[in-house]
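Report on one structure; see the data block that follows.
The values are calculated or read from the model by the stated rules, or taken from the named source; none is laboratory data. If you're wondering where the values come from, they're calculated on a predicted model, not measured in any experiment. Reconstructed Cβ throughout: ideal geometry from the backbone, glycine too, with neighbour counts over all protein chains shown. For the accessible areas, the whole protein counts, side chains as well, though only heavy atoms, and no ligand, DNA or RNA atoms are used. Shrake-Rupley method; radii C 1.70, N 1.55, O 1.52, S 1.80 Å.
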Amino acid sequence: TVPVRAIDLEAKVTLLRDLILRVDSDSWLKPAESLRRILIDPIQAAGWLKDIRRIYVVPHGVLHYLPVVVLPRSTSEGPRYLMEDYSVSYLPAAASLVNGHAAGTPGGSLLALAPERARLPYAQQEAQSIGQYFPPPRSVLLGRRATEGSFKRQARGYRVIHLATHGTFNRLNPLLSGVELEPGRSEDGLLQVHEILGLKLQAQLVTLSACDTAMGSGYFSEVPPGDDFIGLTRAFLFAGSQSVLASLWEVNDRTTLRLMTRFYSHLAK
């Protein structure tokens, strides 16, 4: 337990999130260092991180929106970030470490979708480019073929699921948050949280290459966060995915193409 008021913690996280978006500015480092001193340094000082290489974070409230991996400590060579010393994963609850995942291994390697309605110039190129890192059978659905119905029918059969599209975040009702796909005869094209919760996945990884996909209730609103936090990440974990890669911010389409291509090239090694 650390002696910090919730209102002060929220102010620090909010300031960090605002400053880190400023291009060519390191003004975010001071609030980040302050948060490191509050949240990480006491654990290190107690010796609990000795010989530890992996940290699991179960966030609550505003900490859902804190990029813990960039919290720095000062060194003679400049700031050294938490992700340089530890592999950091987020969990909805500690029980996730002991609860098993769905039995069986899917036969397909990759299911990637990039719908036309998202109007992201580089999204389809992104989906195509990452396909080269996966052996057949793989499925890359582009444009109007990237329907919500196709996703629901095929998702269970693939180890990696990649969605290159827009994410929508509903602050008042997180169950209505979702990702945009193409509509079909019986689908509106918005894959929402409440629908994801009903899926049965066996994926090792779901990548949500879209804006604000890690968001849940409570951020910059009057809806209380915490144990009622529901977002796309938790929905995919509940549906059976072993891990989810998501964003806490709006993301640049062209930059995301480069980031995702590099990410999967390393993942394939």
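Looking at (1) at pLDDT below 95; (2) aromatic (Phe, Trp, Tyr); (3) open to solvent by 30 Å² or more (accessible area, probe 1.4 Å), can you tell me which one residue 81 breaks?
Every listed condition holds for residue 81 apart from (1).
Tally up the residues in the range 86-138 that are among the aliphatic types (A, V, I, L, M) and either assigned to a loop (DSSP other than H, G, I, E, B) or open to solvent by 90 Å² or more (accessible area, probe 1.4 Å) (or both), please.
Residues that pass the stated criteria total 8.
Step by step: first the residues of the range 48-69, then only those that are open to solvent by 40 Å² or more (accessible area, probe 1.4 Å) and in a loop (DSSP other than H, G, I, E, B), then the one that is nearest to residue 245 (Cα to Cα). Which residue is that?
58
When the residues of the range 143-159 are narrowed to those that are closer than 8 Å to residue 182 by Cβ and among the basic types (Lys, Arg), which ends up least open to solvent (accessible area, probe 1.4 Å)?
Filtering the range 143-159 for residues that are closer than 8 Å to residue 182 by Cβ and among the basic types (Lys, Arg), the one least open to solvent (accessible area, probe 1.4 Å) comes out as 145.
Does residue 37 satisfy the condition of being modelled with pLDDT of 95 or more and either surrounded by 17 or more Cβ atoms within 10 Å (Cβ to Cβ) or over 16 Å from residue 59 (Cα atoms) (or both)?
Values: modelled with pLDDT of 95 or more: yes; either surrounded by 17 or more Cβ atoms within 10 Å (Cβ to Cβ) or over 16 Å from residue 59 (Cα atoms) (or both): yes.
Against the criterion (modelled with pLDDT of 95 or more and either surrounded by 17 or more Cβ atoms within 10 Å (Cβ to Cβ) or over 16 Å from residue 59 (Cα atoms) (or both)), residue 37 qualifies.
Check whether at least one residue in the range 70-77 is of a type outside the set (A, V, I, L, M), open to solvent by 60 Å² or more (accessible area, probe 1.4 Å), in contact (Cβ under 8 Å) with a residue 40 or more places away in the chain and not in a loop (DSSP other than H, G, I, E, B), and report yes or no. Please lay out each step first, then the result.
Step one: list which residues in the range 70-77 are of a type outside the set (A, V, I, L, M), which gives 72-77.
Checking which are open to solvent by 60 Å² or more (accessible area, probe 1.4 Å) leaves us with 73-74, 76-77.
Still in the running and in contact (Cβ under 8 Å) with a residue 40 or more places away in the chain: 73-74.
Next, only the ones that are not in a loop (DSSP other than H, G, I, E, B) stay: 73-74.
Taking every residue of the range 70-77 in turn, at least one turns out to be of a type outside the set (A, V, I, L, M), open to solvent by 60 Å² or more (accessible area, probe 1.4 Å), in contact (Cβ under 8 Å) with a residue 40 or more places away in the chain and not in a loop (DSSP other than H, G, I, E, B).
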